[in-house]
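Beneath this line is the structure, given in structure tokens, with notes to follow.
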Amino acid sequence: MLGLIRDDGPRLMYVHGIPGIGKTTLLSSFATAARTGGVTVVGLDCRSIEPTERGFLHSLSRAIGSKARSPSSVAVRLGNLGERVVLTLDTYEVFRFLDVWLREVFLPSLPPNVRVVLCGREPPVADWLVSGRWDRTSLGSLQLQGITDDEAFDLLENMGVDTPAARRINRLAHGNPLALKLAAATVAADPSRDLEIQALPEVIDSLARLYLADVTDPVTRRVLQACSVVRRVTHSVLRAMLPETAPDDAFERLRMLPFATSGRDGLIIHDAVREAISGQIRAMDPNTYRDFKRRAWRQLHVESRSAGIDELWRYTADILYLLDNPVVREAFFPSGGPRFSVQDFRPGDLDAVVSILERHDTEESRLGTLQWLRVHPETFFVVRDQRGEVMGFHSIFEPQKVSPELLAADRMTSGWLGHLQSQPVGNNETVLFLRSLLSAEFGEMPSTVQAASWLEIKRTYMALRPRLRRIYAALRDDAAAAFAPVMTTLGFKPVARLDLGEDYNLAVNDFGPQSVDGWLARLVAAEIGIDASAILDREAHEAVIDGRRVPLTRLELAVFDYLQSHANRAVSRASLLEDVWGYSYTGGSNVVDVVIRSLRKKLGDRAAVIETVSGVGYRVRELTN
């Protein structure tokens, strides 16, 4: 990789490999060696960056000590940091939203003295070479393989593994550093264990489960199980998920594990280990799995309400990670390598778009789409395969940015306008009109091409939040029937029916006043059985009940918060006095009853959520759908 910093080296290096193979370790070693040689290295972890142009430029500007926000000014500032500058982007697989923009716009704008390393699970897609901006001299690709036997034996020896066990472990781990560490830890816990040799993709999953099985300390085991359901681990989330465990102690227990890394956002458990343990808990103990998610959701939802724009994406990603729904999860965290890319419409794409319309659209709808294409080509995006062929397209725009005359003349958009006029959004809110979405082979019906378009649409969601309030769409009857379960889950509701040669169903998804973040939080809440219409806003000292905000006193807030953190469990008056009022309180226990009565009165129709447990105290029932 050090060839990257030579004058005749490639401008960009794409490092890729399977989970646990040591990509991040290699990147760290490269950065150290490069800095020793006088190179300025700027490193970003894509997991903590909002995957939009705005989010990327903001994070990079902060990393280089600049307030610049335009791509060109950030690029110039980066180039001025030294004679040779290297920008590294780790965990690049989560940056699928931005791959096209980075490849086509930002990276080509960098000065000649700036080199780039993209580090992720997937190899570069063919678009990097067919785009015309990159060739095999400017783009290098490095696929990481397992470490050598000698290196594996050195690593295992440093972990205290004897030679016979090291040979046995290395035959299993195939030189994968994470697998080696997990196997060594498992053997250390049980030297007599016979590790079964199997294919590498299954090794880490099996070893992670074995590792958990060999954790005899119940606190560490519980902490590891809890943290396997969240994207990142913070003290506040630990406290919420494990209220009876000291968060500092729990955090330190995690930090010492061989598969945990520290970052400015908190602790990250290696994806492969986290997924293996999470899958085991979900299968073996679904109630505990759901309870952990509920507690994490409550904490993250409250924290996200006061998060600044710089931090909002982290909470969005955290809440998204709690979601098992494959439709939404795959749209924001796509698995597998990309087969298609979405790019701006170009004049040379016209024949392909017309061909798709003639094959799949009615005459009236087709003429309307072509009129939009003639007047506003910037609202169209095409889906290309790895050969550059157009496989589909979509058209999406904010209505206030296009021709009002065309909006009124087009029967589809005028239908949406009618709904928008009868139910207007706020002055600082915006909406999107999804005018068309078709694939060459399947038209409006579900397909991988259509999924690529929806991935780009989700990127638009992220770019417009927190201003985005609604998205309007239209589907013919057959497609509407195919999509009905998904559309209902996502929150789409009918607006009108429209005859454009065939019946079209006009629909809207209203994200609510908290925009995309509030919508995602509600999707997660519904999936894990929480009624998101009644929550506690700690920052505002209010309970939010069916959209109504009820002010709480300091003691009411503290008591309700404490009961919620012990949801579905009886809490004694003594515990409330000790943990809410404090050790120094010497009054009678009836003060608890007084606060409970006041809370119930303020909760109104929801007062029954606080139950009296005879002879003990009180219990808050989880607010479920």
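In region 341-515, Cα pairs under 8 Å separated by at least six residues give a relative contact order of 22 percent. Taking every alpha-carbon pair in region 470-510 and binning the separations at 10 Å intervals from zero gives 33, 58, 10 percent. Hey, what D do you get for region 218-322 in µm²/s if you plug the Kirkwood alpha-carbon radius into Stokes-Einstein at 25 °C and 0.890 mPa s? Rounded to a whole number, D works out at 179 µm²/s.
Compared with the rule-of-thumb size 2.2 N^0.38 Å for a compact globular protein, the chain has a Cα radius of gyration ratio of 1.07. If R0 equals 22 Å, the separation of the Cβ atoms of Val594 and Glu244 corresponds to a calculated FRET efficiency of about 0.25.
Diffusion coefficient (Stokes-Einstein, Kirkwood radius over C-alpha pairs, 25 °C, 0.890 mPa s) for region 389-479: 173 µm²/s, rounded to a whole number. First measure r as the distance between the Cβ atoms of Glu441 and Ala33, then evaluate 1/(1 + (r/R0)^6) with R0 = 51 Å and state the FRET efficiency to the nearest 0.05. Calculated value: 0.55.
Once both labels are positioned 7 Å from their Cα atoms along Cα-to-Cβ, the gap between Ala63 and Asp285 label points is 3.8 nm.
Looking at this model, which pairs from Lys293/Lys458; Lys23/Lys293; Lys401/Lys458 are more than 26 angstrom apart at the alpha-carbon? As for pairs spanning more than 26 Å Cα to Cα, those are Lys23/Lys293. Any idea what diffusion coefficient region 2-143 gets from Stokes-Einstein, in µm²/s, Kirkwood Rh on alpha carbon pairs, 10 °C, 1.306 mPa s? Stokes-Einstein gives a translational diffusion coefficient of 105 µm²/s. Cut-off under 19 Å on the C-alpha distance; same-chain residues fewer than 8 positions from Lys602 excluded. Which lysines are left, in chain and number order? Once the sequence-local lysines are set aside, nothing remains near Lys602. Here the contact order of region 2-143, divided by its residue count and restricted to Cα pairs under 8 Å and six or more residues apart, works out to 39 percent. Taking 7 Å steps out from each Cα toward its Cβ at His235 and Ala574 produces label points 3.0 nm apart. As a calculated quantity, the FRET efficiency between Asp478 and Ser355 at R0 = 25 Å, using C-beta atoms, amounts to about 0.75.
Every read-out reported here was derived from the displayed coordinates using simple, explicitly stated rules and does not represent laboratory data. Keep in mind the model is a prediction, meaning the values are calculated, not measured. Cβ sites come from the backbone with ideal geometry, for glycine too, and all protein chains shown count toward neighbours.
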